[in-house]
Amino acid sequence: MPMPFFVYMLRCSDGLFYTGHTDDLEVRVAQHHTGHFPDCFTLRRRPLELVWSSEFPSRIEALEAERKIKGWSRKKKEVLIASDWVKVSVLASRARVLRVLRDAAEPLLGTNGTEAEMTVSKNSVRPEEDRRSVSKDNAQPPFLTYMLRCGDGSYYVGHTDELEQKFAQHQAGTADDYTTTRQPVALAWSMPFLSRDAAFAAERRLKGWSRAKREALIAGDQNLTAQLQSGAPISRMAAAATGDEVQINRPVIVLVRPQLGENIGKAARAMLNFGLNEIRLVAPRDGWPNPSAGPAAAGANMVLEQAQVFETLAEAVADCAHVYATTVRKRGVSKPVVTPEQAAQAIHRDPGRSALVFGPERSGLDSDDVALARAILTVPINPEFASLNLAQAVILCAYEWSKGITLAQPTAEEILPPAPQEELDGMIGQLVTMLEPTEYFKPDSRSDVTMRTLRGILTKPGWNRLEIRTLRGVLSSLRLGPRRSKDTA
């Protein structure tokens, strides 16, 4: 009789769920209970409770069910624990996985743990009253950072104070962001934080991580989890966005009489890309808040939510010791003129708050506005077409400022190392064996030179193991020649 495999779910002491699979459920639960796995998600979340398990005929089916459940929302997991198959059928993303779960045998364990630390009920499900008390006692912190796996295999990272509602928007394609055109999406990971700043800092870190590192976090890498929980800095980029980790002189962005909400949103997006999050608005034409700003911000809602509104520019920069007026014209005012790079260096160097002031989209700052500044900031630009839109001007200045901190590099695919020399020699030998019958190396007097040239060409790219195997497969296919179809057999 084939050995059964189990998928199981543990409720941790912080209210989160852990899902896994095993061929010996009783032993595995005991291992979690004793902290047997040093890198497991459950190690620092004890005591634990087995709340659900099901038997599967093979490891492959158990692993598939585990992966599906890990992508489910908290609500979906809770209705599975409650064995509410009607709700599960509504929430399940694939009917096949639901069918496997529904047909699975009843859990095999009875109550056999130390009751004060870990209890396993008859059906691996707590009574309804007990579940409510656990939910209440382990109330989640108000902010969560989350990661979605999109339909194209990419990942989306965000933060929210309403994960269930936000995830529903992503699933419905109404979030109006990166996930809208990458359906379907699955919740792959989430973590609670006590403040929005902490959740946002974790989001920024995750966005700078490689795909391999994100997948390790999803798989429960305890070191990465602890790194996010502790707020350990991944780069000074996160410090620039939150101000929590390193003291950095961040300039205030001041928009004077902005005309369009879309441009305010785009400016906020440009700011947050480079670690700035404080925006001040002086007499916005259409008032504030502006419903057009949010969609244009493309997720930089934190900047918009903290925006301050002032009646005059003088009030907006009252607490700033260094004020830079951005303009392409001096407007008859005798003031120092600096480039964005020079202004950024001074902001990092000089004590006191700094402000970068931008004028209305149509006309820019007027002479009275410029008169309030300590210096004029001008971008070197084509004199025959000196026209930048508001967001472009903001991003130029924000980028120059960000060069004074360590940016998180964009996610890059990890490059495999070159293959060992013996594997490369094997491919070259295979090619030589195929070429010799064609008299490619004739005349004999030139064969050594031809061989060295060929080896030099094939050695230069630094093929990795996967590429070597692929090329050898191509050579083998060419050696076999065209395959005869079944019709001509």
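The values are calculated or read from the model by the stated rules, or taken from the named source; none is laboratory data. A quick note: this is a predicted structure, and the numbers were derived from the prediction, not measured. Using ideal geometry, Cβ is built from the backbone for each residue, glycine included, and neighbour counts are taken over all protein chains shown.
Here residue 316 does not qualify as surrounded by fewer than 20 Cβ atoms within 10 Å (Cβ to Cβ), more than 20 Å from residue 197 (Cβ to Cβ) and not aromatic (Phe, Trp, Tyr).
For the stretch 267-284, the set of residues classified as surrounded by fewer than 19 Cβ atoms within 10 Å (Cβ to Cβ), without any contact (Cβ under 8 Å) to a residue 40 or more places away in the chain and of a type outside the set (Gly, Ala, Ser) consists of 278 only.
Residue by residue, here is whether (1) under 18 Å from residue 251 (Cβ atoms); (2) at pLDDT 85 or above holds:
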{"site": "322", "(1), (2)": "yes, yes"}
{"site": "341", "(1), (2)": "yes, yes"}
{"site": "360", "(1), (2)": "no, yes"}
{"site": "363", "(1), (2)": "no, no"}
{"site": "377", "(1), (2)": "yes, yes"}
{"site": "384", "(1), (2)": "no, no"}
{"site": "391", "(1), (2)": "yes, yes"}
{"site": "394", "(1), (2)": "yes, yes"}
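Quick check: is even one residue across the stretch 376-394 farther than 22 Å from residue 268 by Cα, within 36 Å of the chain's Cα centre (by Cα), surrounded by fewer than 17 Cβ atoms within 10 Å (Cβ to Cβ) and without any contact (Cβ under 8 Å) to a residue 40 or more places away in the chain? Checked against the condition, which is being farther than 22 Å from residue 268 by Cα, within 36 Å of the chain's Cα centre (by Cα), surrounded by fewer than 17 Cβ atoms within 10 Å (Cβ to Cβ) and without any contact (Cβ under 8 Å) to a residue 40 or more places away in the chain, the stretch 376-394 yields no hits at all. Test residue 351 against the stated conditions and say whether it is of a type outside the set (Gly, Ala, Ser) and at pLDDT below 90. Yes, satisfied.
Within the stretch 264-307, how many residues are in a helix (DSSP H, G or I), closer than 19 Å to residue 199 by Cα and not hydrophobic (A, V, I, L, M, F, W, C)?
To start, the set of residues in the stretch 264-307 that are in a helix (DSSP H, G or I) comprises 264-273, 293-297, 301-305.
Still in the running and closer than 19 Å to residue 199 by Cα: 268-269, 271-273, 297, 301-305.
Among the residues that remain, those that are also not hydrophobic (A, V, I, L, M, F, W, C) are: 269, 273, 301, 305.
Here the count works out to 4.
Within the bounds of the stretch 380-403, is there any residue that is in the same structural domain as residue 300 (by TED's automatic domain parsing), closer than 21 Å to residue 320 by Cβ, polar (S, T, N, Q) and assigned to a loop (DSSP other than H, G, I, E, B)? Looking for residues that are in the same structural domain as residue 300 (by TED's automatic domain parsing), closer than 21 Å to residue 320 by Cβ, polar (S, T, N, Q) and assigned to a loop (DSSP other than H, G, I, E, B), one finds none in the stretch 380-403, hence no.
Do we have residue 367 as under 36 Å from the mean Cα position of the chain (by Cα) and more than 30 Å from residue 156 (Cβ to Cβ) here? Considered against the rule, which asks whether it is under 36 Å from the mean Cα position of the chain (by Cα) and more than 30 Å from residue 156 (Cβ to Cβ), residue 367 comes out as no.
Going residue by residue through the stretch 272-287, is there one that turns out to be in contact with an Asp or Glu (Cβ under 7 Å, 6 or more places away or on another chain) and either of a type outside the set (A, V, I, L, M, F, W, C) or modelled with pLDDT of 90 or more (or both)? Walk me through how you get there before you give the answer.
Within the stretch 272-287, the subset in contact with an Asp or Glu (Cβ under 7 Å, 6 or more places away or on another chain) is 283.
Applying the additional criterion that residues be either of a type outside the set (A, V, I, L, M, F, W, C) or modelled with pLDDT of 90 or more (or both) yields 283.
Yes, that holds for at least one residue.
Can you find a residue in the stretch 445-459 that is under 30 Å from residue 212 (Cα atoms), at pLDDT below 90, hydroxyl-bearing (Ser, Thr, Tyr) and assigned to a helix (DSSP H, G or I)? Taking every residue of the stretch 445-459 in turn, at least one turns out to be under 30 Å from residue 212 (Cα atoms), at pLDDT below 90, hydroxyl-bearing (Ser, Thr, Tyr) and assigned to a helix (DSSP H, G or I). Would you please name the residue that is modelled with the lowest pLDDT, looking only at residues in the stretch 173-210 that are among the basic types (Lys, Arg) and closer than 24 Å to residue 295 by Cβ? Going through the qualifying residues, I end up with 196.
Total residues in the stretch 150-188 satisfying the condition of being on the phi > 0 side of the Ramachandran plot and either of a type in the set (D, E, K, R) or outside any loop (DSSP other than H, G, I, E, B) (or both): the figure is 1.
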